[in-house]
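Reviewing the structure listed below.
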Amino acid sequence: MKLSLLFFAVGLILVHLQTTLLHLLPLGPIVPDFVLLLCVYWALYHPTVGAVLASFLLGYSVDVASSPILGLNAFAMSMVFLAVHLSSRSIWLHDPMSSAIVVLLASLVKGVTLALLSAVFLNAERFWIGAIPYIIIEALIAAALAPIVFALLRRGHSYVERFRVAA
Amino acid sequence: MLAFLRKNQIVLSSCSCLLLSLYIVNAAARGQLKNDPIGPILLWLLRPMQLGTHAVTGWFGDIQKEFGTLSGFKAENERLRTRIQQLEAERNRLLEAEATNRRLQQLLDFRAQLPPGSVTATIIANSASTWFQSCLLDKGSSDGVGKGMAAVTPLGVVGQVISTAARSAKVLLITDPNSGVDVLVQRTRARGIVSGSLEQKTIMKYVKRSEDIQVGDRLITTGLDGVFPKGLMVGTVTKVQRQNLGLFQYIELTPAVSLSQTEEVLVVKGETNQTKNEGSPANKIR
């Protein structure tokens, strides 16, 4: 549970970064989705009920900070967590490339989910056409960042585990 | 049952979250979500970080802006410096043009007093040798400049044309040892020959010991040599020495025209006695 709280705290910092500093990057309207990377990592390597709730809350945080209606990102992030968790039973990630592919797929799932929900609940006509390029670019950026972010998270995770054992 | 729940707790909790969020989306889209207990807490958690980041980014933004402003000032400063240099060059050019204009106007006025057929020329080169005092003009035989013509300015005599080409002419200055100008002292009308010397001095030769010459006396051309028109200023006496032996006095003078400060000259035909007589009123009456 403590680890899930830590996961949530890190996630909140990432949400904060996504709403502030990452907008300074020269990527136009696209913001690298570090929260998604964190949720995918947790779904792959530390799937707990606490992590599920943290993913939901992180998605909700993104909604609170930026979505036109609440629940969109919470739903998408929960969906990503579930999809990655279910698929992690049948795949084994052993190199950075495979983690990048999983993140790419997860990001696509999230993008499609968000687009679907927006089309249904926001009555946004032809929303798909405008959303598709962003979904793809966002997924590619997330996939490109995945190996580095996963390596950092893995290192942090092992450090926390060692600290817990020592305590 | 408990085992099933425990085994699928993640899937079930995920599905619960999905359902909950779907409910929230639906309610929010319909405007039915009146109370949101989680949102304010999350915002409260995010707020300090956002304020801190805003302050830091604002600080960096200010620094960046200041830097940009300073860079702008630097560029502006460079631009103004260049502009000042351009204007300075323009001003110098205009001052130079004005000075040239003034000099040429003086030459024109002076030209009216000289015999017809004079040519305005610019000095384009000075002597290349220490031993000779000469200069080169930009006008030559094709402009009407001929050998033996006088080079003068409103201030006085410069020299004599000793050779010409189609587009240039060489003038032997009166300060050259080989030159000779027939002069007279304006005050006493005593005559002599002005020429240069190897000591880089200009002297008046062949003045009798008995002649009354004083420092400050002005020397003018006689017009009798057929080169220089009569009455042109040649120089001012600076030293008079009567030696114990010899027929003549030693007289030094300062030329009226300083070549280093002269840029344009008038090249004129000298008046011989014959031409003077031809142009005299008596001849005209005849």
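Taking 7 Å along the Cα-to-C-beta vector as the label spot, tell me the B:Thr254-B:Arg103 distance in nanometres, rounded to one decimal.
Distance between label points: 2.0 nm.
For segment B:119-272, take the alpha-carbon Rg, divide it by the Kirkwood Rh, and send me Rg/Rh. Display every interim value, and only then the final one.
Numbers: Rg = 15.3 Å, Rh = 15.5 Å.
Expressed as Rg/Rh, it is 0.99.
Evaluate the distance, in nm, between pseudo-label points positioned 7 Å from the Cα of B:Leu5 and of B:Thr238 along their respective Cα→Cβ axes.
It works out to 12.5 nm between the two label points.
Excluding residues on the same chain fewer than 8 positions from A:Lys2, give the lysines whose Cα lies under 23 Å from its Cα.
B:Lys7
Mean separation of Cα pairs under 8 Å and 6+ residues apart, divided by the residue count of chain A: what relative contact order is that in percent?
22 percent
Compute a Gaussian network model of chain B, connecting alpha carbons closer than 10 Å, and tell me which residue from B:Ile124, B:Ile38, B:Ile174 fluctuates the most.
Its mean-square fluctuation being the largest, the pick is B:Ile38.
Could you work out which residue, out of A:Ser88, A:Ser78, A:Ser61, moves most in a Gaussian network model of chain A, that is, has the largest mean-square fluctuation with Cα springs under 10 Å?
Taking springs between Cα atoms under 10 Å, the residue moving most is A:Ser88.
Run the reach check for B:Lys269 against lysines, Cα to Cα strictly under 26 Å, same-chain hits fewer than 8 apart removed. What comes back?
B:Lys139, B:Lys147, B:Lys170, B:Lys205, B:Lys230, B:Lys284
A:Gln18: net charge of surrounding residues, Cβ under 15 Å, Lys/Arg +1, Asp/Glu -1, itself excluded?
Values: positive: A:Lys110; negative: A:Asp33, A:Asp63, A:Glu138.
Surrounding charge for A:Gln18 is -2.
Short version: ³J(HN,Hα) in whole Hz for each residue of segment B:254-263, in order, from phi by Karplus 6.51 cos²θ - 1.76 cosθ + 1.60 (θ = phi - 60°), x for Gly and Pro, what are they?
The phi angles translate into 9, x, 5, 10, 8, 4, 5, 9, 9, 10 Hz.
Measure nothing fancy, just the Cα-based angle from helix B:38-113's long axis to the longest principal axis of chain B, in degrees from 0 to 90, nearest 10.
With rounding to tens, the tilt is 10 degrees.
From a point 7 Å beyond the Cα of A:Arg155 in the direction of its Cβ, which residues of segment A:1-28 have a backbone N at a distance under 20 Å?
Answer for segment A:1-28: A:7, A:10-11, A:13-14.
Please list, in chain and number order, the residues 5+ apart from B:Thr120 or on another chain whose amide H is under 5 Å from its amide H, with Hs placed from the backbone.
B:Val267
Could you check the simple spin-label distance between A:Ser88 and B:Leu245, using points 7 Å along Cα→Cβ, in nm with one decimal?
Result for the modelled spin labels: 12.9 nm.
How far, in nm, would the chain grow between B:Tyr23 and B:Gln50 when pulled straight, counting 0.36 nm per residue and subtracting the alpha carbon separation? Please report the intermediate quantities before stating the final value.
Numbers: separation 27, 0.36 × 27 = 9.72 nm, distance 2.90 nm.
In short, 6.8 nm is gained.
Excluding same-chain residues fewer than 8 positions from B:Lys74, which aspartates and glutamates have a Cα within less than 13 Å of its Cα?
Those aspartates and glutamates meeting the cut-off are B:Glu66.
Only loop residues by DSSP count here, and only those with at most 12 other Cβ atoms within 10 Å; note down the trypsin sites (Lys or Arg not before Pro) in segment B:1-71 that meet that. Walk me through the numbers on the way to the answer.
Values: sites: B:Arg6, B:Lys7, B:Arg30, B:Lys34, B:Lys65; in loops: B:Lys34.
Sites meeting the loop and neighbour criteria: B:Lys34.
May I ask for the net charge around B:Gly140, where only other residues with Cβ less than 10 Å from the Cβ of B:Gly140 are counted and Lys, Arg are +1 while Asp, Glu are -1? Let's see the in-between values first.
Numbers: positive: B:Lys139, B:Arg167, B:Lys170; negative: B:Asp138, B:Asp143.
Taking every other residue near B:Gly140 into account, the sum is +1.
Please compute the length gained on full extension between A:Arg164 and A:Leu27, using 0.36 nm multiplied by the number of residues separating them and subtracting their Cα-Cα distance. Mind dumping the intermediate values first?
Values: separation 137, 0.36 × 137 = 49.32 nm, distance 3.90 nm.
Answer, rounded to one decimal: 45.4 nm.
Highest GNM mean-square fluctuation, chain B, Cα pairs closer than 10 Å: which of B:Leu33, B:Leu42, B:Leu266?
Evaluated over chain B, the most mobile residue of the options is B:Leu33.
If you take each beta carbon of peptide A:48-57 and count the beta carbons of other chains within 10 angstrom, what is the mean?
Details: counts 3, 7, 1, 3, 10, 4, 0, 3, 8, 4.
So the per-residue partner count for this stretch is 4.
Any read-out appearing in this document is the output of simple, stated calculations on the displayed coordinates, not a laboratory observation. Treat the numbers as computed from the prediction; the structure is a model and nothing was measured. Using ideal geometry, Cβ is built from the backbone for each residue, glycine included, and neighbour counts are taken over all protein chains shown.
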